[in-house]
Amino acid sequence: MDPDALRAEIPALDDATYLNTGASGPSPRRVVAAAEDALERQAFDAPAEDGAYATAFDVYNEAREAVADHVGADPTDVALTESTGDGIARVAAAIDWEPGDVVVTTDLEHAAGTLPWRRLERLHDVEVRVVETDGGRVDRDRFAEAVRGARLASFSSVSWTAGTRLPVAELTSIAQDAGARVLVDAVQSVGQHPVDVSEWGADAVAASGHKWLLGDWGGGFCYLSRDFAERLHPANLGYFGVEYPPTADYDLKAGAARFEVGTTSLAPCAALREAITVIEDVGYEAIEARIERLTDRLKDGLDDGRLHSPRRYESGLVSVRVDDPAATVESLRERGVRVKRIRDTDLIRASVHAFNTAADVDRLLAGL
């Protein structure tokens, strides 16, 4: 499948110039069809055949295997979640925190990557160190100083505001050398460029399928290294996460499985599996080439004073300074162009995916 064929599979693009995938991606027909088929099979066919639970477990397993293969992990190291924030929160709640423990993060993080730590700060006297960045860049020396004595470092692989790619493997190595575990928010990575968790070396990686993967809401996942997972005791525990039979003297399942609680909708899981197949059908070589070409076109139409993101290609996220972000987003919406306002800043953000075209970019520039 080439990018143009992908575009033809997405009905939402018939009525809008959609440049907001970094918030939520529009799904192809076959992704929605996979979700509907899974629901219908469980509701209509499974009761008279293998049963609802057997059918559900097949879908869960297929989704878990698809995620694992896509990010270079073993299926036993992948837990299905509802979102990136859900995955981060599950990890945060599973650590046995003590007063004075330190969490290190950056000023580039989305609320999903900050609120769990602020909660710990408020309720458990955990210290949260925020590394200040410059132009979406993390200073290695500043980061190394911050992670000294820290228990965990948590940061994004791609900045959701500037669109910069963080040196995940390098920052992970710095943190782990200092004795800290590492949790990565990868939601702005999966679907727009390859992710290999073994190359990153992080202890945990949380993401979701509803952005660049073009899946459905509710289809998230969290990779956990086996060593890290075995040290965690999930705050929300259900029979999915324990060895059978579940008793008062329960045994947690090995690996990431302990983070899954119980029955959940099949639709997001089936959509996640199919969305990954779609992205792999297009291929990251074609995806990145298309995003780079289109983001270059967009940036060429902006002077340095307006462009907040790096001029050289790093991701499909391009932020632009405007005088009135709310009014600009509304004006573009009236023209049929969908972008995002970054609240409490003078920025609007365009997300350019492989399904976008040069005409999409030109409509945005004309509207600006």
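The values are calculated or read from the model by the stated rules, or taken from the named source; none is laboratory data. What you see is a predicted model; the values in this text were computed from it and never measured. Backbone-built Cβ (ideal geometry, glycine too); neighbour counts: all protein chains shown. To get the accessible areas, we keep the full protein, side chains included, count just its heavy atoms, and leave off ligands, DNA and RNA. Shrake-Rupley method; radii C 1.70, N 1.55, O 1.52, S 1.80 Å.
When each of the peptides 22-28, 154-160, 303-309 is scored by the mean number of other C-beta atoms lying within 10 Å of its residues, the order from highest to lowest reads 154-160, 22-28, 303-309. Net length available on complete extension from Ser331 to Ala5 is 114.4 nm, with 0.36 nm assigned per residue and the Cα-Cα distance removed.
Among Ala204, Ala73, Ala16, the largest mean-square fluctuation in a Gaussian network model of the chain (Cα springs under 10 Å) belongs to Ala16. The spacing between the range 313-346 and the range 208-281, judged by their C-alpha centroids, is 34 Å.
When the chain is treated as a Gaussian network with alpha carbon springs shorter than 10 Å, the biggest mean-square fluctuation among Val131, Val190, Val78 belongs to Val131.
Give me the accessible area per residue for the range 292-368, probe 1.4 Å, as a whole number in Å². Walk me through the intermediate numbers first.
Values: 3670 Å² over 77 residues.
I get 48 Å² per residue for this part.
Excluding ligands, DNA and RNA, what is the solvent-accessible area per residue of the range 1-70 at a probe of 1.4 Å, expressed in Å²? Let's see the in-between values first.
Details: 3460 Å² over 70 residues.
Heavy-atom accessible area per residue stands at 49 Å².
Summarising the label geometry, the points placed 7 Å from Cα in the beta-carbon direction at Val261 and Val130 lie 2.9 nm from one another. Taking 0.36 nm per residue of separation and subtracting the current Cα-Cα distance, fully stretching the chain between Arg148 and Arg293 would add 48.1 nm. A simple spin-label model places the labels of Asp251 and Tyr239 1.9 nm from each other, with each point 7 Å out along Cα-to-Cβ.
Calculated accessible area for the range 142-273 comes out at 36 Å² per residue, all protein chains present (probe 1.4 Å; ligands, DNA, RNA ignored).
Add -39500 (n - 2.57) for each DSSP H run of 4 or more in the chain, then divide by its residues: what number comes out at 222 nm, to the nearest 500 deg cm²/dmol?
Details: 13 runs with 138 residues, N = 368.
Using -39500 (n - 2.57) per qualifying helix, the result is -11000 deg cm²/dmol.
Work through the residues other than Ser309 whose Cβ is under 9 Å from its Cβ and net out their charges, Lys, Arg +1 and Asp, Glu -1.
Details: positive: Lys299, Arg311, Arg349; negative: Glu314.
It works out to a net charge of +2.
Based on the alpha-carbon gyration tensor of the range 146-242 and its eigenvalue square roots a ≥ b ≥ c, which shape applies: rounded if a/c is under 1.5, prolate if not and a/b is larger than b/c, or oblate? Walk me through the numbers on the way to the answer.
Values: a/c = 2.04, a/b = 1.04, b/c = 1.96.
Since a/c reaches 1.5 but b/c is at least a/b, the shape of the range 146-242 is classed as oblate.
Where (1) 87, 51, 40; (2) 86, 42, 39; (3) 65, 57, 33 are the candidate values, the label of the one calculated here for Cα extents along the principal axes in Å is (3). Listed peptides 62-69, 86-93 appear in the order 86-93, 62-69 once ranked by packing, highest mean of other Cβ atoms within 10 Å at the front.
As a fraction of the 1.4 Å probe accessible area of the chain, surface on carbon and sulfur atoms comes out at 45 percent. Summarising the amide proton neighbourhood of Gly220: residues at separation of 5 or more, or on other chains, whose placed amide H is nearer than 5 Å comprise Thr81, Glu82, Ser83, Gly209.
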